[in-house]
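Take a look at the structure set out below.
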Amino acid sequence: MTTRAAQPPTGRGEPQPSAPQRARDLLRSGFGLIGPRHARHSLPVDQLDALTLPIGDDGVVIGVDADGRPAVLGLNRPTAYDVVLIGGLWTAQVIALRAAATGARVAVETGRPQAWMQMVHAMGGGQNGLAVYEVGRVPPQGTSAGTPVLVVRDCGMRPPRGRVVSGPWQAVLTLLPYLSPVAPRLLRQARLVGVQRISPDEAAELGRAMALPRAETDSLPGLADGLTLWCTDRDRQYVLTQPTDAEIGLLGMPRRMD
């Protein structure tokens, strides 16, 4: 006599297994997993505005704002991005160090390479994201979304026009120790300007050039070390850069003068 394997019931009058039973059958046969069984969460429409998430820009944390919240500088962009920092070498080096820590390659164009050598040695002799070049000698960097680049131009009071300019995934940060004759041109093309402590005469000139409110113009000569006023076309924000222990060991304490 021939024996046939048992088949599942197909008659319409046969009781159908419940959803939990089907899930258990699938699990026993090796297909599917039983997920968590929780009651659904609901929220009245008039309470939707209270449902918020602390999402901000991504990039380099350059310090904290007046409320103690992280201030983030988004350097890695698919469009050209020029930054001018009228301030000290210490702040520019912290930004470069933190940009490299986020995965960006940093190319430093400088007339004082000895001031950057300690950072180069600490980061593996230029093999781990930071390289130093003479003024006018920065080669094309071959940027992409996966390999963004920050070019730091530390070329003194009158930096020449750079061979390597900002572009997709390549931001350029130009460091000016003081307000110089080339500053108006650089300020016009910059998307972001950072200002540290400057003289009253420089503050007055910069306030006119950037249409700063009187209170912020008057504050510039008295800014503490490590404090920077960052300005865009529409917004202004004071940011205090607080070094980590590793940054203090490598670069020292915040300072405006080099």
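The values are calculated or read from the model by the stated rules, or taken from the named source; none is laboratory data. All of these numbers come straight from a predicted model, not from anything done at the bench. Glycine gets a Cβ as well: all are built from the backbone with ideal geometry, and neighbour counts include every protein chain shown. Areas reflect the complete protein model, heavy atoms only, side chains present, ligands, DNA and RNA absent. Shrake-Rupley method; radii C 1.70, N 1.55, O 1.52, S 1.80 Å.
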Of residues in segment 213-249 being open to solvent by 20 Å² or more (accessible area, probe 1.4 Å) and acidic (Asp, Glu), the one nearest to the chain's Cα centre (by Cα) = ASP235
Members of segment 177-208 that are of a type in the set (A, V, I, L, M) and either in contact with a Pro (Cβ under 6 Å, 6 or more places away or on another chain) or part of a loop (DSSP other than H, G, I, E, B) (or both) | LEU179, VAL182, ALA190, ILE198, ALA203
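Answer yes or no as to whether ARG255 is of a type in the set (D, E, K, R), assigned to a loop (DSSP other than H, G, I, E, B) and either in contact with a helix residue (DSSP H, G or I) (Cβ under 6 Å, 6 or more places away or on another chain) or open to solvent by less than 70 Å² (accessible area, probe 1.4 Å) (or both).
yes
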Among the candidates LEU75, LEU85, LEU97, which residue alone is part of a loop (DSSP other than H, G, I, E, B) and on the phi < 0 side of the Ramachandran plot?
-> LEU75
Output the number of the condition that LEU48 fails; it satisfies all remaining conditions of (1) modelled with pLDDT of 90 or more; (2) out of contact with any Lys or Arg (no Cβ under 6 Å at 6 or more places or on another chain); (3) outside any loop (DSSP other than H, G, I, E, B).
-> (1)
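Looking at ARG185, ARG153, which one is at pLDDT 95 or above and basic (Lys, Arg)?
Matching residue, one of ARG185, ARG153: ARG153.
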Name the residue, out of ARG105, ARG98, that is surrounded by 15 or more Cβ atoms within 10 Å (Cβ to Cβ), under 17 Å from the mean Cα position of the chain (by Cα) and farther than 30 Å from LEU206 by Cβ.
-> ARG105
Six or more apart or on different chains, Cβ under 8 Å: which pairs go from a residue in segment 196-219 that's without any contact (Cβ under 8 Å) to a residue 60 or more places away in the chain and polar (S, T, N, Q) to one that's open to solvent by less than 30 Å² (accessible area, probe 1.4 Å) and assigned to a helix (DSSP H, G or I)? Could you list them?
-> THR217/ALA203; THR217/LEU206; THR217/GLY207
Condition test on ALA107, is it touching a residue at least 24 places away in the same chain (Cβ under 8 Å) and not in a helix (DSSP H, G or I)?
-> yes
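Just to be sure, is VAL138 in a loop (DSSP other than H, G, I, E, B), hydrophobic (A, V, I, L, M, F, W, C) and more than 25 Å from TRP230 (Cα to Cα)?
Yes: the conditions hold for VAL138.
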How many residues are in contact with a strand residue (DSSP E or B) (Cβ under 7 Å, 6 or more places away or on another chain) and over 18 Å from THR228 (Cα atoms) when one looks only at segment 187-200?
-> 1
